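What follows is a short report on a single structure.
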């Protein structure tokens with residue numbers, strides 16, 4: 001019985017850890033939204049900034065992946 | 001309970017199998033399917049660029065154009081991020097980009113094995129990148145390399161907080177570099193397998209479930225297209241972040 005509760009709470013914890021992805025989602029959405037907004041204002045400057053766009057995307061996405069990692073750690077390691 | 005809940009195991013595709021056993025001095029060096037697919041990725045890249053380099057005509061044919069576009073693409077990426085003197089790392093970034101791209105694309109073939117969905121592969125690549133950044137940074141700049149951790153122009157009390165943050169962010173780089181590629185490929189391939197499994201099980205569960213099966217199948221097709229984009233994008237992101245980190249080794253202090 002007690003083991004069941006521990007196991008259940010483990011899954012709850014893993015699920016809660018994935019909530020960190022909300023932040024990454026907001027961040028990635030913000031980056032692409034701002035990029036499009038700026039690119040519509042000055043389309044000629046947009047191609048030079050795609051590198052920065054993907055760097056920003058990758059960096060904020062990394063935090064979502066850390067949330068995924070925490071969830072995997074809770075499930076399989078702890 | 002529900003007959004359609006029993007889908008094929010989505011994790012099974014990542015299983016490493018030994019193709020033939022090999023043990024040297026107590027270390028398991030067996031040739032696995034992961035090794036085979038990595039060699040295949042290297043072989044594809046070598047074949048493409050071997051062809052491109054030996055053909056060497058002024059007016060390229062299609063395959064030669066692919067190689068030349070790839071060359072220009074990576075060269076422009078390095079020039080844009082790390083400047084002209086970043087081009088001394090061109091062979092490294094080029095190899096890295098095309099190895100990851102080929103491995104990701106081979107992974108998209110049904111029943112193929114995705115080497116980049118194993119954290120040991122991406123971890124080794126990320127450690128290689130960060131090792132080169134540290135060794136080259138110290139070799140080129142000496143102690144000046146450590147100014148990376150203390151950007152100029154902040155008032156001194158700020159440094160008490162800034163330096164630990166910069167050190168942690170530097171140490172997190174290989175971790176995030178490895179995990180980004182690994183997690184993207186892993187999650188993507190699990191998702192593809194899940195939707196494909198749903199489609200098959202729902203179609204088998206009875207005529208009532210056929211619309212759901214069609215929906216699931218359509219979703220699987222759409223996700224497949226998305227995964228091709230992700231396969232390219234993650235190779236690109238890995239290469240461009242390598243350029244960003246190499247830029248720190250080339251010019252520490254102005255970022």
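The numbers here are math on the coordinates, done by the rules we state, and not lab data. As the structure is a prediction and not an experimental result, all values here were calculated from the model. Heads up, the Cβs are rebuilt from the backbone with ideal geometry, glycines too, and the neighbour counts pull from every protein chain shown.
Which residue fluctuates the most in chain B, going by a Gaussian network model with Cα springs under 10 Å, if the choices are B:223, B:215, B:40?
In this elastic network of chain B, the residue with the biggest mean-square fluctuation among B:223, B:215, B:40 is B:215.
What translational diffusion coefficient, to the nearest whole µm²/s, does region B:128-255 have by Stokes-Einstein, given a Kirkwood radius computed over alpha-carbon pairs, a temperature of 25 °C and 0.890 mPa s viscosity?
136 µm²/s
Kirkwood hydrodynamic radius (Cα pairs, Å) of region B:32-88?
13.0 Å
Computed on alpha carbon atoms, what radius of gyration and Dmax characterise region B:110-171, expressed in Å?
17.2, 57
Would you tell me the mean number of C-beta atoms belonging to other protein chains that fall within 10 Å of each C-beta in A:63-70, as a whole number?
So the per-residue partner count for this stretch is 4.
If you average 1/r over every pair of different alpha-carbon atoms in region B:14-151 and take one over that average, what Kirkwood value in Å do you get? List each step's numbers first, then the result.
Numbers: mean 1/r = 0.0563 Å⁻¹.
In region B:14-151 this quantity evaluates to 17.7 Å.
Quick check: convex hull of the Cα atoms in chain A, volume per residue, rounded to a whole Å³?
60 Å³
Looking at region A:2-45, what % of the alpha carbon pairs are farther apart than 11 Å?
72 percent
Give me the compactness ratio for region B:197-244, meaning the Cα radius of gyration over 2.2 N^0.38 Å.
1.77
I need the semi-axes of the equivalent ellipsoid of region B:70-197: take the C-alpha gyration tensor, multiply each eigenvalue by 5, square-root it, list largest first in whole angstrom.
34, 20, 12
Restricting everything to alpha-carbon atoms, can you work out Rg to Rh for the protein assembly as shown with a Kirkwood hydrodynamic radius?
For the protein assembly as shown, the value is 1.00.
So what are the radius of gyration and Dmax for the Cα set of chain B, in Å?
22.5, 72
Quick one: among B:134, B:24, B:161, which has the greatest mean-square fluctuation in a GNM of chain B with alpha-carbon springs under 10 angstrom?
Looking only at B:134, B:24, B:161, the largest GNM fluctuation is found for B:24.
If we count other beta carbons within 10 Å of each Cβ, what is the order of B:198, B:232, B:139, fewest first?
B:139, B:232, B:198
GNM, chain B, Cα, under 10 Å: largest mean-square fluctuation among B:194, B:160, B:177?
B:160
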